[in-house]
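A.B. asks: The structure's right below; bear with me while I get my questions together.
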Amino acid sequence: MKPHARRRACFATATLALFVSFAPAQAGGRTIVGEWAPDPRQCWPSQGAIGIGPLSVVGDEFRCDFKSVSRLGDVVTWRGACGFPDPARPAIVVASLRGDTLALRINGGENGPYRRCRGSRS
C-alpha cells in the first residue's frame, strides 16, 4: 500500500473509532443523554434527578466520569470513576432503557427507575 493510501486508511479508522466511542450513549437508536428523574415533573437534583452526558452521569450526591462507553441494544455500559463527595473510585455504570423507563446500576447497585424530564432531549 502506498504511503498516502495508508495515511488515508489510518485517518478513516481513527475517525470511525472516535464516532463509535460517542455513539453508544444511544439505546436502541434513542439517546439517553439528557435529564431524568423519578417524577418527570420534578426534575431537580434534590428530588433525585440525574443528568446523563455522553461520558458522564451527575446526580445530587454523586458524579461519574467515564473513559469508555459501549452499547448492546437498549443497554449502555460506561467504565470510569464515580465519587462526590467521596473520592472517585473505579466504577461500571449500566443504564437500561425499557420503553420510557430508565434503570441505572452503579457497580451493581440499583438506582431509579427514572423517566425523562419534560423539556429534555428525547
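The values are calculated or read from the model by the stated rules, or taken from the named source; none is laboratory data. Remember, predicted model here, so these are calculated numbers, not experimental data. Because the Cβ atoms are built from the backbone with ideal geometry, glycine has one as well, and the counts that use them run over all protein chains shown. All accessible areas refer to the heavy atoms of the entire protein, side chains included, with ligands and DNA or RNA removed. Shrake-Rupley method; radii C 1.70, N 1.55, O 1.52, S 1.80 Å.
A.B. asks: Consider Thr31 carefully, then state whether it is surrounded by fewer than 13 Cβ atoms within 10 Å (Cβ to Cβ), at pLDDT below 95 and hydroxyl-bearing (Ser, Thr, Tyr). Reasoning before the result, please.
C.D. replies: On the way: surrounded by fewer than 13 Cβ atoms within 10 Å (Cβ to Cβ): no; at pLDDT below 95: yes; hydroxyl-bearing (Ser, Thr, Tyr): yes.
Considered against the rule, which asks whether it is surrounded by fewer than 13 Cβ atoms within 10 Å (Cβ to Cβ), at pLDDT below 95 and hydroxyl-bearing (Ser, Thr, Tyr), Thr31 comes out as no.
A.B. asks: Turning to a different aspect of this structure: What pairs come up if the first residue lies in region 52-66 and is of a type in the set (D, E, K, R), the second is part of a loop (DSSP other than H, G, I, E, B), and their beta carbons are under 6 Å apart, counting only those six or more places apart or on different chains?
C.D. replies: Cβ pairs passing all conditions: Arg63/Phe84.
A.B. asks: Being touching a strand residue (DSSP E or B) at 6+ places or on another chain (Cβ under 8 Å) and either open to solvent by 60 Å² or more (accessible area, probe 1.4 Å) or farther than 17 Å from Asn111 by Cβ (or both) is the filter here; which residues of region 57-73 pass it? Break it down into steps so the answer makes sense when it comes.
C.D. replies: Taking region 57-73 as the starting set, the residues that turn out to be touching a strand residue (DSSP E or B) at 6+ places or on another chain (Cβ under 8 Å) are 57-59, 62-71, 73.
Arg63, Asp65, Lys67, Ser68, Val69, Ser70, Arg71, Gly73 - these are the residues of region 57-73 that are touching a strand residue (DSSP E or B) at 6+ places or on another chain (Cβ under 8 Å) and either open to solvent by 60 Å² or more (accessible area, probe 1.4 Å) or farther than 17 Å from Asn111 by Cβ (or both).
A.B. asks: Could you please give the count of residues in region 76-103 that are crowded, with 18+ Cβ neighbours inside 10 Å, over 10 Å from the mean Cα position of the chain (by Cα) and closer than 16 Å to Gly34 by Cα? Talk me through it step by step, then tell me what you get.
C.D. replies: Restricting attention to region 76-103, the residues satisfying the condition of being crowded, with 18+ Cβ neighbours inside 10 Å are 76, 78, 80, 82, 91, 93, 95-97, 102.
This time we only want the ones that are over 10 Å from the mean Cα position of the chain (by Cα), so: 80, 82, 91, 96-97, 102.
Restricting the remaining residues to those that are closer than 16 Å to Gly34 by Cα gives 96-97, 102.
Within region 76-103, residues that are crowded, with 18+ Cβ neighbours inside 10 Å, over 10 Å from the mean Cα position of the chain (by Cα) and closer than 16 Å to Gly34 by Cα number 3.
A.B. asks: Being open to solvent by less than 20 Å² (accessible area, probe 1.4 Å) and hydrophobic (A, V, I, L, M, F, W, C) is the filter here; which residues of region 45-56 pass it?
C.D. replies: Residues of region 45-56 that are open to solvent by less than 20 Å² (accessible area, probe 1.4 Å), as a first pass: 49-53.
Ala49, Ile50, Ile52, listed by residue number.
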